[in-house]
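To start, the structure under review is shown below, and the notes come after it.
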Amino acid sequence: MKTITALAAMMLLYACGSEPSNGSEAVAAAANDTPTAPAEEKTRVEELAGNWRVVGVRVAPGPVQAVSDDDPALMGAVLSISPERLAWKPHEGGFFTDTCLAPQIGPDDSIGCAEGRFGPPEAHLVSEGVQIKLDWYDGAILTLSRQ
């Protein structure tokens, strides 16, 4: 297709009385005008891939108060995010066992898993600049920063 476009460009230039000094210039000019395919966009999971450390805990008002603000059992835990899985790295004193295979983050920030479960059913993973917020069990809202 590029050859046909370049040939057509050369014939048009010749017909208009403007001979290119070098036929390859017309070919190069025509080739540069062809649109390029758009780069593939990263998924939200790919954008967030890496290790994220819990740097803050806020507790939403509610009936269950099993955790507290900046609860030591939650602080410092590390979440590993990749297109293959969401999983917590081992953490002393914490209770992080949820694992999600082939995670997807929906347009509403909800978390979906091909296998497994990650967080409570109403969990959302929201990117906020250089940090992410994650709804967790017992009304905890975790703030994580990239390691």
Inset, instruction - Working only within segment 130-145, note down all residues that are β-branched (Val, Ile, Thr) and either part of a helix (DSSP H, G or I) or farther than 20 Å from Gly50 by Cβ (or both). - result: Ile141
Legend entry - So Ile111, is it under 20 Å from Ser145 (Cβ atoms) and open to solvent by 20 Å² or more (accessible area, probe 1.4 Å): yes
Inset, instruction - Could you give me the residue pairs with C-beta distances under 8 Å whose first residue belongs to segment 42-56 and is over 15 Å from Leu74 (Cα atoms), whose second residue is part of a loop (DSSP other than H, G, I, E, B) and open to solvent by 70 Å² or more (accessible area, probe 1.4 Å) wherever it lies, and which are 6+ apart or on separate chains? - result: Gly50/Gln147; Asn51/Lys89; Asn51/Gln147
Inset, instruction - Under 7 Å between Cβ atoms, at least 6 apart or on separate chains: pull out the pairs that start in segment 97-122 with a residue that is of a type in the set (Ser, Thr, Tyr) and end on any residue that is open to solvent by 40 Å² or more (accessible area, probe 1.4 Å) and modelled with pLDDT under 95. - result: Thr99/Gly116
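Name every residue in segment 123-147 that is of a type in the set (Gly, Ala, Ser), over 20 Å from Val67 (Cβ atoms) and touching a residue at least 40 places away in the same chain (Cβ under 8 Å), in order of residue number. Please lay out each step first, then the result.
Taking segment 123-147 and keeping what is of a type in the set (Gly, Ala, Ser), we get 123, 127, 129, 139-140, 145.
Keeping just the survivors that are over 20 Å from Val67 (Cβ atoms) gives 127, 129.
Passing the criteria: only Ser127.
Of everything in segment 45-56, what is part of a helix (DSSP H, G or I), farther than 15 Å from Cys113 by Cα and open to solvent by 60 Å² or more (accessible area, probe 1.4 Å)? Give them in sequence order. Full working, then the answer.
Step one: filter segment 45-56 for residues part of a helix (DSSP H, G or I), giving 45-48.
Adding the requirement that they be farther than 15 Å from Cys113 by Cα leaves 47-48.
Selection gives Glu47 alone.
Give the number of residues within segment 57-104 that are in a loop (DSSP other than H, G, I, E, B), open to solvent by less than 90 Å² (accessible area, probe 1.4 Å) and either within 18 Å of Lys133 (Cβ to Cβ) or not polar (S, T, N, Q) (or both).
22
The values are calculated or read from the model by the stated rules, or taken from the named source; none is laboratory data. Just so you know, these numbers come straight off a predicted model, no measurement behind them. Methodologically, a virtual Cβ is constructed for each residue, glycine included, from the backbone with ideal geometry; neighbour enumeration extends over all protein chains shown. Accessible surface areas use protein heavy atoms only, side chains included; no ligands, DNA or RNA. Shrake-Rupley method; radii C 1.70, N 1.55, O 1.52, S 1.80 Å.
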